[in-house]
Each structure stands twice: as structure tokens, then as C-alpha cells.
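> The structure that follows is given in the form of C-alpha cells.
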Amino acid sequence: MQYLKKITFICLCTLLISCGDNTTVSPLKDVSSISIDDTNISIYATQAAKTLTATLTYNDGTTVNASADLLWASSASGVFNASTASIVATSNGGDANLSIDYKSTFNDFTAVHVKKLLTINYSDLNISDVGTPQTIYVSGNYENNETNITMENNILWSVDSNATITDINATQITLTVDYNVTSIELRATLFNATIYAEDFNKTFN
Amino acid sequence: MGVNYGVFSENFSDIDAKSSSDIVTLKIGYGDIKAYAVEFSFDYMQNNSKIFSSTDVSSDGDKIGFNINLLKSFDLNYLYPFIKIGFGAGSLTIERALQDTLSYGSFQGSVGTYIPLSESFDIELGYELRHTSYESINTVVANTSYSSLINIAYFGINYRY
């Protein structure tokens, strides 16, 4: 009987202790929205991948960078491609939408404009200087009179058989004239389609 | 087979949150009141707290769980004290942007006694300590799991055949 009393006492004590408080306001944050930080984004056709960010807003008003956790998509892959937190042009000019999504519950989108490359600026080349590496500085002229834009991406450079390209970067090409000829043609092929050719015989004597 | 009624107090270890209310357990088992037994049970835990839900709902949903316990009891002639250990799983409804249910798993241990009333009926008094681990809460940038300790004091009546 003594044992029964002890057990009953323990149970009653526990029962009284158990009558505790209830949490009535959740201490946990919940997701309210996601948004692309930039709106009406523009990229150049020859621009390297543009890095973007997306922000998640919680129900308590705090925010956090959620760029890496969302699905990024382009509405037209023929205009630009989207991958996690970055976009890159796939056409010379065009408009499409960039969207972010999380499990079809949260999403946002914004417009993206790919600026069109019109012409390319070249510095001079001395085609009489055979065998010496020479640097040609290049830049793009874009729509809306934007000039001196670097050529970081989507351009394939080639030269005719009278010269050799030895180095390429976003602003310059190192080229060596191999033969004493009257003309050297340098070609820039954009998106494997549009060709911008420059005949250095015409621009330098 | 039998039914228990009890009260519980739940305290979370990683967040400042508490919950307390009633618990009803339906159970069926096989074994000897004086030795070993296995017990299967369904829990219904009323929920008066709002720990996981983020909407205007007044509380999270009630919990329904299933448990399996192994027990050893001791013959003291007029009493049969026991110890139980087991595990379980269950779920509750919640209201969050990305989740509407939350599963949990638990490990539990109990001490108590059976008090025989007749050859077929006995009363059960007990105390249970239950460790519960909840499914991760998804906040897009993180999946965070929470766990709690639940103290349960209960009494019940069993019918044996």
C-alpha cells in the first residue's frame, strides 16, 4: 500500500507540473514573399553572365538573400538564358521575362532587355609590320548610342590566313601579321550568326 | 486492451515554446501482466499552443500518433509496477506558407504500476517521458528541425482476456 501511495503522489505531482503554459504566438518565422532585387534589367549582347540577387521577406519583416535557393527561368531562352542568380544573352537584341519561383508557391518576375550590338570599334593595325605581335583594341557600339562597351562574351574572333590571333580578351586582340599582304580581314561572329568584318587594308596604310 | 487519459507538458529545447493539454491513448497489447508484454497504442494529443503555424489560426492542430512499447512488469502480489520503453510517430496539421502538416517521431520511456481490480480489469497509473523530433520547418533558405521533451502523467483502465 505504501508503494501505491508513492506512485499516486508522483503522478499527482507530475500532473500539477504538467498544467503549464501554452505558446500562443509562434516563435518561428515564415516566408511572406520573394522578389528579384533588380527590375527592368538590361544586358548587352556581348556581356558576360550578369549576376543577380533575390530577396526573401519573412512575416516579421526581416529579409535574407535567397538567390541560391530559388528556381530562375527565362521566358524565352532564345533571348537570354537564366541559371541560378545569373543571366546571359543568347541573342543580339530582344525582350523577355526573368522569373524566380519556389515550389510554385512564391514567385516574382521582371523584364529583361538584351541590347543590340550595332558595330564594333577597332584600333589600327599596321599590316606592314610582319611577324610582330600587335594589339588591336576593340569595343562595341550599342543601341541608344552606347559606345565603348566591352566584348566579354558570345563573340568568336577569327582572322584570314595572312595573320594569326595569339590572344583575346574583352577589350583587345593580339594579332601577328604573317605575310606581307595588302589586306587583313578580322571577323567577329556574334552568336554564330551575325558577322562583323573589318578590313584593315582600308583603315591603315 | 485499454484506454488512458493524461495530461502532458511539452518543452522545446531549441526555441522558447511550450505546450500543455490532454492526451488520450487507445492501446492493445499482448503479454503477461506479471512479466513481459508488447503494446501498440494510438495517441490523441489536444493542442492548445501555436508553435509552428504562422497564420491567424488560434493553435496548431491536434496530434495523432502511433506507438509501440515493450514493457516489463513485476509481481508484487497486489501491485504490478512496470517500466516501458518504445517509439512512435505521428503528425499534426499546421498552417504555414509551405507546409500544412508536420510529422514527428518519438522515443519514450514510462514507469508506473498496474493495480488489479479483478481477474480481467486493472487500473494503470504512470508517468512517461517522451522525446519528440519534428519534421524540418522549411523557410526556403533553411530547413530547421525542432525537438521537445514531453512529460505525461496518466491513468487508465485495462481489460485483459
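> Once both labels are modelled 7 Å past Cα along the beta-carbon direction, what's the residue A:38-residue A:62 spacing in nm?
In this crude spin-label approximation the distance works out to 2.8 nm.
> Between chains A and B, what is the buried accessible area summed over both chains (1.4 Å probe, protein heavy atoms, nearest 100 Å²)?
What A and B bury together is about 2800 Å².
> Please compute the modelled spin-label separation between residue B:36 and residue B:15, points set 7 Å along Cα→Cβ, answer in nm with one decimal.
With each label point 7 Å from Cα toward Cβ, the separation is 4.1 nm.
> Report the Cα centroid-to-centroid distance between region B:55-88 and region A:91-154 in angstrom, as an integer.
When both Cα centres are located, 68 Å separates them.
> Additional query: Amide H neighbours of residue A:76 under 5 Å, counting only residues 5+ apart in sequence or on other chains, H built in-plane at 1.01 Å?
So residue A:76 has HN proximity to A:97.
> If one takes the longest principal axis of the Cα atoms in chain A, at what angle in degrees, from 0 to 90 and to the nearest 10, does the Cα axis of helix A:2-18 lie?
Its long axis makes an angle of about 50 degrees.
> Okay, which of region A:34-77 sit inside 19 Å, backbone N to the point 7 Å along the Cα-Cβ direction of residue A:144?
Correct set: A:37-52.
> When all C-alpha to C-alpha distances in region B:40-90 are sorted into bins of 10 Å, what percent of pairs does each bin hold, rounded to whole numbers?
Using 10 Å bins, I get a P(r) of 22, 29, 25, 16, 7, 1 for region B:40-90.
> Under unit Cβ charges (Lys, Arg +1; Asp, Glu -1), what dipole magnitude, rounded to 20 debye, does chain A have relative to its Cα centre?
1120
> Here's a follow-up. With every protein chain left in place, what is the accessible area per residue of the protein assembly as shown in square angstrom, probe 1.4 Å?
Result: 49 Å² of accessible area for each residue.
> Let me ask you something else. Residues of A:187-198, mean number of Cβ from any other protein chain within 10 Å of their own Cβ, rounded to a whole number?
Partner Cβ neighbours, averaged per residue: 0.
> Oh, and also: Please report the carbon-and-sulfur percent of the accessible area for the protein assembly as shown; probe 1.4 Å, protein heavy atoms only, DNA, RNA and ligands left out.
So the carbon and sulfur contribution to the accessible surface is 55 percent.
> Enumerate the amide H contacts of residue B:124 below 5 Å, restricted to partners 5 or more residues apart or on another chain; note that Pro and chain-start residues carry no placed amide H.
B:115, B:156, B:157, B:158
> Peptide B:16-26: average number of partner chain Cβ atoms within 10 Å per residue?
The shielding value for this peptide is 3.
> Name the chymotrypsin sites (Phe, Trp or Tyr not before Pro) in region B:50-152 that are in a loop by DSSP and that have at most 14 other C-beta atoms within 10 Å, would you?
For chymotrypsin sites (Phe, Trp or Tyr not before Pro) across region B:50-152 that sit outside H, G, I, E and B with at most 14 neighbouring Cβ atoms in 10 Å, the list reads B:74, B:78.
> Springs between alpha-carbon atoms under 10 Å, Gaussian network over chain B: tell me which of B:75, B:56, B:32 tops the mean-square fluctuations.
Among B:75, B:56, B:32, the largest mean-square fluctuation in the Gaussian network model of chain B belongs to B:56.
> Who wins for biggest fluctuation among A:193, A:48, A:73 in a Gaussian network model of chain A, springs between alpha carbons below 10 Å?
Maximum fluctuation in the GNM of chain A, among the listed residues, is at A:193.
> Suppose each label sits 7 Å from its Cα in the direction of the beta carbon; what would the residue A:160-residue A:174 distance come out to in nanometres?
2.5
> Residue farthest toward the positive end of the dipole of the protein assembly as shown, with Cβ of Lys/Arg at +1 and Asp/Glu at -1: which of A:65, B:146, A:174?
B:146
> What's the percent breakdown of Cα-Cα distances in chain B across 10 Å bins, shortest bin first?
11, 40, 27, 15, 6, 1
> Report the FRET efficiency, 1/(1 + (r/R0)^6), for residue B:159 and residue B:48, where r is their Cβ-Cβ distance and R0 is 45 Å, rounded to 0.05.
Once the sixth-power term is evaluated, E becomes 0.90.
> May I ask you to find the residues of region B:69-117 that are shielded by at least 30 Å² of accessible area once the whole protein assembly is considered instead of their isolated chain (probe 1.4 Å)?
Checking the loss per residue gives B:78, B:79, B:96, B:97, B:98.
The values are calculated or read from the model by the stated rules, or taken from the named source; none is laboratory data. Remember, it's a predicted structure, so these values are computed and weren't measured experimentally. All Cβ positions, glycine included, derive from the backbone under ideal geometry; neighbour counts span all protein chains shown. Only protein heavy atoms, including side chains, enter the accessible area calculation; ligands, DNA and RNA are left aside. Shrake-Rupley method; radii C 1.70, N 1.55, O 1.52, S 1.80 Å.
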